[in-house]
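The values are calculated or read from the model by the stated rules, or taken from the named source; none is laboratory data. Quantities reported herein were computed from a predicted structural model and do not represent experimental measurements. Methodologically, a virtual Cβ is constructed for each residue, glycine included, from the backbone with ideal geometry; neighbour enumeration extends over all protein chains shown. Please note that ligands, DNA and RNA were not included when accessible areas were found on the heavy atoms of the full protein model with its side chains. Shrake-Rupley method; radii C 1.70, N 1.55, O 1.52, S 1.80 Å.
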Amino acid sequence: MLKLLAIILIVSSFLKADDLNQKVEQFLEDNFDTNPNIESIKVNIKEKIEIEGFKDWSAFVVGLDAVLKKDKRHVVQNMIWYSNGEVVTKELYDLKSGKNMSDLISMPFKDEYYKKENLIYGNENAKHKVAIFSDPLCPFCRQFVPEVINYMKKEPDKFAVYYYHFPLERIHPAAVELVKAAIALELQGRKDVILNLYKVEINPKERSNEKILAAFNKVMKSNINMADLISKEVSDQLKSDLKIVSELMVNGTPTMFFDGKIDKTKNRYKEAK
């Protein structure tokens with residue numbers, strides 16, 4: 001018997017396998033609809049993922065689209081729920097190992113995410129595709145990401161390196177404007193922007209755009225200004241990256257995907273043949 005410890009938040013009434021997706025979706029929508037803080041909500045099952053080694057359970061990637069009563073704020077969020085056809089739960093643990101099942105779940109990196117504007121090094125038809133999500137002011141990223149990129153850029157037919165901006169605004173507010181400046185400079189055709197981005201020295205808590213731009217332009221030897229930061233092209237690129245972050249439920253930096261699968265070791269590129 002499968003030894004699982006489940007924190008059951010809500011229990012459904014014997015879900016059928018043939019319409020499990022629809023019943024999970026409807027059950028969650030009805031459940032969230034009773035929340036007094038929510039004015040309206042739409043629930044959508046985006047993905048159903050089988051959990052390797054646990055055949056009786058499936059993970060459901062649930063998209064929530066809600067409007068809050070208090071300030072009419074529109075909230076869009078993805079989350080994972082689990083079901084074995086009889087119960088629905090938000091948390092699921094393997095009693096033997098103590099692992100949270102979320103550690104075994106990986107969203108598939110869709111081909112549509114490999115966008116031309118995110119390819120910073122290598123050939124798009126290279127043997128391996130590596131996607132990096134990073135914040136240039138994340139301390140670990142500043143040590144790790146340049147090393148990884150420099151390693152792979154030497155072999156353009158082996159590695160296609162895709163980079164996605166993920167500024168962690170709450171803890172590194174300066175990263176947002178820094179990332180916008182980098183996108184603006186790339187749109188001007190400048191090369192090696194991402195590598196040099198990690199050389200910019202600025203307090204992560206800095207909120208003065210003038211100081212952030214001064215630090216950026218000093219390293220890049222560029223002349224990016226405020227008008228560049230608020231351009232539609234820059235905004236669209238950052239929104240595109242953050243949409244992919246949301247759809248993949250990336251929640252930390254750096255995060256890497258190797259050939260379409262999340263690489264929690266962050267070392268698969270070193271083992272690639």
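General remarks:
- Between region 76-124 and region 187-227, the alpha-carbon center distance in angstrom: 33
- Those aspartates and glutamates that a straight Cα-Cα span of less than 12 Å connects to residue 42, excepting residues fewer than 8 apart in one chain: 25, 29, 30, 33, 65
- Between residue 129 and 160, 259, the built amide H atoms are under 5 Å apart, and every one of these is 5 or more places off in sequence or on another chain.
- Greater than 31 Å apart at Cα, pairs in 23/243; 211/270; 191/261; 205/264; 243/266; 96/266: 211/270
- Segment residue 230..residue 267, full-extension length gain: 9.7 nm, with 0.36 nm per residue of separation and the alpha-carbon distance subtracted.
- Selected from 100, 78, 37 as most flexible by GNM, with the chain as the system and alpha-carbon contacts under 10 Å: 37
- Highest mean packing first, where packing is the average number of other Cβ atoms within 10 Å per residue, the peptides 133-140, 112-119 line up as 133-140, 112-119.
- The apolar share of the surface of region 165-233, taken as the fraction of accessible area on carbon and sulfur atoms (1.4 Å probe, ligands and nucleic acids excluded), comes to 50 percent.
- Candidate cross-link partners of residue 116 among the aspartates and glutamates, defined by an alpha-carbon separation under 13 Å and a same-chain spacing of 8 or more, comprise 124, 186, 241.
- Candidates 171, 132, 105, ranked by Gaussian network fluctuation over the chain, Cα under 10 Å, top entry: 171
- In the full protein context, the chain carries 56 Å² of accessible surface per residue, based on a 1.4 Å probe and ignoring ligands, DNA and RNA.
- Based on the Kirkwood approach, the hydrodynamic radius assigned to region 76-186 is 16.9 Å, with every pair of different Cα atoms included.
- Cβ-defined net charge surrounding residue 59, 10 Å radius [Lys, Arg +1; Asp, Glu -1]: -1
- Per-selection Rg to Rh, region 144-273 - Cα, Kirkwood hydrodynamic radius: 0.97
- In the chain, the C-alpha radius of gyration followed by the widest Cα-Cα span (Dmax) gives 21.3, 65 angstrom.
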